[in-house]
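A.B. asks: Pasting a structure below so you can have a look.
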Amino acid sequence: MIAKRSSIYRLARHLGSSAYEVFRKEILVRRLANRHVFSTQKKFVGPELKLDCSYIVSTDRGLFHVRSNEVRCLFPYYTFGVAATGSSLFASVSIGVDSYVIAMEISKDKKGQPILQARRILYQIETKYHNERIHQLHVDGCRLAIANTRKNSITIIDAKTGELLTDLYPFADFTGFPIHTDHNHINSVYIGKDCIIFTAHNGGEIGSIIGVIHGSQVYSYQFKNRGVHDIIPTHNGIIFSDTFGSSMSDFKGGGDLYNAGEWLIQKTEERGYMVRGVAGSADELLVGHSFMGKREDRFKGRGGILLFRKGKFQSDYQLPSAQINDIIRSDGSKHAHEWNDITGGEAKRLCEAALGEPCHVGQLSVQLPNVKEFTTGEWY
């Protein structure tokens, strides 16, 4: 069986990348249907890396489990967003022209190593272009929020059944009609008590947007550079990644992490980083950095994780992948001090403290299941 499967892989590769992606998609769908248990045989050991916590890192080479002195591959498909609650893990996975949100069960084998068992596809959308793929996720009890980049929306589904609950469109054109294609490039999302916080790559005067959906209103706060990712509210302030910095066009890297009132990286490192993915605590923070290059070259280099302790740089650990897309702690949280039940008023206060007054306040557009028309109203 192994030899036969290997020959099929070689044949698919010989037919070309499109056929190979179709083959990989078919294998993934079958594995999900059969509740396949993914192996963790691949083990990567590098320089000494001492961590207080263990993490799950999503990359272009799949999901990796990272702990002291050990990195293991949990899931071998291109993954962008990752979220977890209890024993349930959710991942946004891209293969060919399709983007999925997949539910898996996380447990341990006889040796105590983490393993993933496939459960089901919760959501699927065709994404003809790589930039349209589903980006980051956030789970809050029975609700799973999707940064649905292709639709320029935040999609809310039932985390157990995959039932579509609503689609939220925070951006509109000058006539008030919702923009429902990849225009602002929504890439991160966080569900609070009565609000949703999100980030968009493009917005304002050639910058990025950090938005707060509260009731039926969308409060947009502008950041000076394009390409913001990640959003974590804490009681001390918001955390987000200035992925490219001001040098997005020269491919040198120059990103930074805004960590509750302070810029973390530029003070400690002269090397340019493309920053995306963050998790940890005030004592131990992991920050993802990706290889930066033209679209055709960005998967040819190596990315990794930066380790900070009490705000001070400790080490740069390379991973066997080029793009680091998201990071969570193994308990499912993003940060030990994240503000899970933050209200809309408190979210706006944190954004104003970091970025000033909103550059725009607009009406939220909502699309309910099986309804083509857009309506206005509160998101929940």
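A.B. asks: Given H placed on each backbone N at 1.01 Å, which residues far from L264 in sequence or on other chains put an amide H within less than 5 Å of it?
C.D. replies: Excluding prolines and chain starts, which carry no amide H, the hits are L257, N259.
A.B. asks: Could you work out the local net charge near S365, counting Lys and Arg as +1, Asp and Glu as -1, over the other residues with Cβ closer than 15 Å to its Cβ? Present the calculation step by step, with values, prior to reporting the outcome.
C.D. replies: Values: positive: K151, K372; negative: D167, D173, E373, E378.
Local charge sum for S365: -2.
A.B. asks: Under a 5 Å amide H to amide H cut-off, with H placed in plane at 1.01 Å, what residues pair with L63 once short-range neighbours are removed?
C.D. replies: HN-HN under 5 Å from L63: L74, F75, Y77.
A.B. asks: Ok, one more. What list of ³J(HN,Hα) couplings, whole Hz, do you get for the stretch 103-109 from phi and the Karplus terms 6.51, -1.76, 1.60, once you set θ to phi - 60° and write x for glycine and proline?
C.D. replies: Once rounded to whole Hz, the list reads 9, 9, 9, 9, 8, 10, 7.
A.B. asks: Loop only by DSSP, 10 or fewer other Cβ within 10 Å of the Cβ. Give me the chymotrypsin sites (Phe, Trp or Tyr not before Pro) in the stretch 73-167 that pass, ordered by residue number.
C.D. replies: Y129
A.B. asks: The chain: longest stretch without exposed GluC sites (Glu not before Pro) (DSSP loop, at most 15 other Cβ within 10 Å), sites themselves excluded?
C.D. replies: 49-162
A.B. asks: List the equivalent ellipsoid semi-axes of the stretch 120-210 in whole Å, largest first, each obtained as the square root of 5λ for an eigenvalue λ of the Cα gyration tensor.
C.D. replies: Gyration-tensor ellipsoid for the stretch 120-210: 22, 15, 12 Å.
A.B. asks: So if I place +1 on the C-beta of Lys and Arg and -1 on the C-beta of Asp and Glu, and nothing else carries charge, what would the dipole magnitude of the chain be about its Cα centre? I want it in debye, nearest 20.
C.D. replies: Details: 46 positive and 40 negative charges, 405 e Å.
So the magnitude is around 1940 debye.
A.B. asks: Which far-off residues, 5 or more places away or on another chain, put their amide H under 5 Å from the one on M292, with H placed in the peptide plane?
C.D. replies: none
A.B. asks: Add +1 for every Lys or Arg and -1 for every Asp or Glu among the other residues with Cβ under 14 Å from the Cβ of R35, and state the total.
C.D. replies: Numbers: positive: R30, R31, R119, R120; negative: E105.
Once all neighbours under 14 Å are counted, the net charge is +3.
A.B. asks: Over the chain, with a Gaussian network built from C-alpha contacts below 10 Å, which listed residue (N187, N148, N69) shows the highest mean-square fluctuation?
C.D. replies: N69
Just so you know, all these numbers are worked out from the coordinates, no wet-lab data involved. For clarity, every value in this text was computed on a predicted model and none was experimentally measured. Cβ sites come from the backbone with ideal geometry, for glycine too, and all protein chains shown count toward neighbours.
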